[in-house]
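Working notes, structure below.
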Amino acid sequence: MELNDSICVVTGAGSGIGEALAKELVSVGAAHVVVADIDEVNAARVAAEIGEAASAVALDVADEAAIRRLVAETETTHGRVDVFVSNAGYGVKGGLDLPIAEWTQMMDVHAWSHLYAAQAVVPGMVERGSGYILNTASAAGLLTQMDSGPYAVSKHAAVAFAEWLSIRYGDRGIGVSVLCPQAVRTNILGTRLAAGTASGARQAGQDGVLEPEQVARDCIDAMREGRFLVLPHPEVETYFQRKANDYDRWLGGMRRFRRRLMAG
């Protein structure tokens, strides 16, 4: 997709990957970027750093009506939404011990938020015959996250939804990419380390911790090429292939890997 003069919305843009993407989109020629984040102060900071080509808005991506309002207001002000980056996310440790409300909240943020965004922007994109949706998932959406059941499940759902979008609307001028990195130097990684979830941090960081700016550049390259999977850690492709080639062997290997992480 040609990003020059595009109107973009980026959620979770008050820090980390979202912040880097908002700034990178403007640097490659976007006409305007809406910096959306649940932290209004950080959203305003990022927009101010970008300058006149950005505006800030407070947004809880788990709020369907709020996403619809944001898209409607952007279309009213700027005429359209060319690119929607659905990026907001967070981490939590646990599995069957967690209350259902915790699983539900993670699904709201990591899966249903992508659905809300697509429902809001796809009709206009179809009408114009062009548009792009970039959804942030995780390597956990292709593999798993051993220390967090809801994170693994919600990120798998995010990948599946992006696949469906691409199949359903790819022939109607809408590009779809899904971002699946391992460890990136963001607040999520910092929260895991601060909370003492060392095994999860070690799993995600086994192939290195990338800077958000590098991940943002990888996303821009994928969007320009119309490439579905964005894998800033190329090792993920190898792991994913091994999983597909022999699922039972992969599961056994992951159990052994988990034992090593727990022992370390």
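Rule-based calculations on the coordinates, nothing more; no lab input. This one's a predicted model, so the numbers in the text were calculated from it and none came from an experiment. Neighbour counts are summed over all protein chains in view; Cβ atoms, including those assigned to glycine, are modelled from backbone coordinates with ideal geometry.
Things worth noting here:
- Charge dipole of the chain about the Cα centre (unit charges at C-beta), most positive-ward option of T74, G252, V85: G252
- Candidate cross-link partners of K23 among the aspartates and glutamates, defined by an alpha-carbon separation under 19 Å and a same-chain spacing of 8 or more, comprise E2, D5, D37, D39, E40, E49, E52, D82, E211, E213, D218, D221.
- Residues of type aspartates and glutamates that K93 reaches as a straight line, Cα spacing below 12 Å, ignoring anything fewer than 8 places off in the same chain: E102, D147
- Ranked list, fewest to most other Cβ atoms within 10 Å of each Cβ, for F84, F228: F228, F84
- Estimated FRET transfer efficiency (E237, V209; beta-carbon r; R0 25 Å; 0.05): 0.85
- Footprinting exposure proxy for K23, K243 (fewest neighbouring C-beta atoms within 10 Å first): K243, K23
- Remark: V92, V9 ranked as V92, V9, counting other beta-carbon atoms within 10 Å and listing the fewest first.
- Note on segment 7-235: Rg/Rh from C-alpha atoms, Kirkwood Rh, equals 0.94.
- Nonlocal amide H pairs with A88, under 5 Å, H built at 1.01 Å: T11, G12
- The chain: calculated mean residue ellipticity at 222 nm from DSSP helix runs of at least 4, using -39500 (n - 2.57): -16500 deg cm²/dmol
- Hits among aspartates and glutamates - C-alpha to C-alpha of K243 under 17 Å, sequence gap 8 or more where chains match: E235
- Residues D246 and R80, FRET efficiency given R0 of 41 Å [Cβ-Cβ distance, rounded to 0.05]: 0.35
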